[in-house]
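These notes are about the structure you will find just below.
The values are calculated or read from the model by the stated rules, or taken from the named source; none is laboratory data. This one's a predicted model, so the numbers in the text were calculated from it and none came from an experiment. No Cβ is skipped: glycine too gets one built from the backbone with ideal geometry, and neighbour counts run over all protein chains shown. Note: accessible area is taken over every heavy atom of the protein model, side chains too, but ligands, DNA and RNA are not part of it. Shrake-Rupley method; radii C 1.70, N 1.55, O 1.52, S 1.80 Å.
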Amino acid sequence: QVQLVESGGGLVQAGGSLRLSCAASGSSLGINVMGWYRQAPGKQRELVATITLGGSTNYAGSVKGRFGISRDNAKNTVYLQMNSLKLEDTAVYYCRFARGSLEVWGQGTLVTVSS
């Protein structure tokens with residue numbers, strides 16, 4: 001059983017920054033990929049960024065150069081540093097853990113970017 005606890009969402013002005021955190025707990029976390037996805041009102045959930053246990057990253061084109069994903073394997077925690085936030089970044093951000101066929105989602109944290 002793997003559980004995810006997210007934190008760090010909130011309200012920020014356009015151009016500002018936020019950092020999201022997601023801590024994984026449970027037995028046999030193993031070799032996994034963790035990442036962030038987001039879902040804006042009326043839209044489908046989309047990839048933001050992923051990071052492997054070894055540190056390889058993948059980003060959506062819309063956030064490249066503005067967002068940075070990192071992880072602390074000792075703490076089983078993944079971070080998403082979001083800079084130069086835009087109005088269109090407003091969404092619920094979800095953490096995802098994947099190991100083999102196992103997929104676990106966090107509860108989501110709301111990020112609201114205001115003008």
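Output the number of residues of the range 64-115 satisfying the condition of being hydrophobic (A, V, I, L, M, F, W, C), in a loop (DSSP other than H, G, I, E, B) and more than 24 Å from G42 (Cα to Cα).
Restricting attention to the range 64-115, the residues satisfying the condition of being hydrophobic (A, V, I, L, M, F, W, C) are 67, 69, 74, 78, 80, 82, 85, 87, 91-92, 95, 97-98, 102, 104-105, 110-111, 113.
The next check asks that each one be in a loop (DSSP other than H, G, I, E, B); those that pass are 74, 85.
Remaining after also requiring more than 24 Å from G42 (Cα to Cα): 74.
Looking only at that region, the number is 1.
Each row is one residue, and each column tells you yes or no for (1) open to solvent by 20 Å² or more (accessible area, probe 1.4 Å); (2) touching a His at 6+ places or on another chain (Cβ under 9 Å); (3) modelled with pLDDT under 95.
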{"site": "V2", "(1), (2), (3)": "no, no, yes"}
{"site": "G8", "(1), (2), (3)": "yes, no, no"}
{"site": "C22", "(1), (2), (3)": "no, no, no"}
{"site": "G55", "(1), (2), (3)": "yes, no, no"}
{"site": "S62", "(1), (2), (3)": "yes, no, no"}
{"site": "Y79", "(1), (2), (3)": "yes, no, no"}
{"site": "A91", "(1), (2), (3)": "no, no, no"}
{"site": "S101", "(1), (2), (3)": "yes, no, yes"}
Residues that are modelled with pLDDT of 95 or more and surrounded by 12 or more Cβ atoms within 10 Å (Cβ to Cβ), drawn from the range 26-47: V33, M34, G35, W36, Y37, R38, Q39, A40, R45, E46, L47
K64 versus (1) touching a residue at least 12 places away in the same chain (Cβ under 8 Å); (2) closer than 21 Å to V12 by Cβ: which is the lone unmet condition? (1)
